1. Once amide H atoms are built 1.01 Å from N in the peptide plane, which residues 5 or more positions from Val32, or in another chain, come under 5 Å H to H?
2. Can you list the HN-Hα couplings for the range 50-62, worked out from phi with the Karplus curve (6.51, -1.76, 1.60; θ = phi - 60°), rounded to whole Hz and with x for Gly and Pro?
3. If amide hydrogens are placed 1.01 Å from N in the peptide plane, which non-local residues have theirs closer than 5 Å to the one on Leu5?
Amino acid sequence: MPYALFCHEAKLSKAYPTEADVWKLAQQSGLVVDVVSEDEKPVPRPVLDNDYEIRACQPDPYEDPARNKAEAERDAWSEVQLGSNAPPA
């Protein structure tokens, strides 16, 4: 079952093959914050900011979750490559 990022009932992202894929994209987008609870003081745990949540979903018609993942990985790799070629500040 594919997964996507939601806010309330609105689907905000494309569908991806696994929940871990959506967590990775949410982290890259700055939507994940580390929270420390009183019970787990030494170990912060990642949570989604605001009212975001990751849920199982049906992909939209003509949407391929595996292709979405490959495109996201390619885009992330391109950003890394562009960043490493930037002149020093």
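Nothing in this text is a laboratory measurement; each read-out follows from the coordinates by a stated rule. Just so it is clear, the structure is predicted and the values come from calculations on it, not from any experiment.
1. For Val32, whose amide H was placed from the backbone, the distant partners under 5 Å are Asp49.
2. 6, 9, 6, 8, 9, 9, 5, 7, 8, x, 5, x, 6
3. Sorted by chain and number, the residues that satisfy this are Leu12, Ser13.
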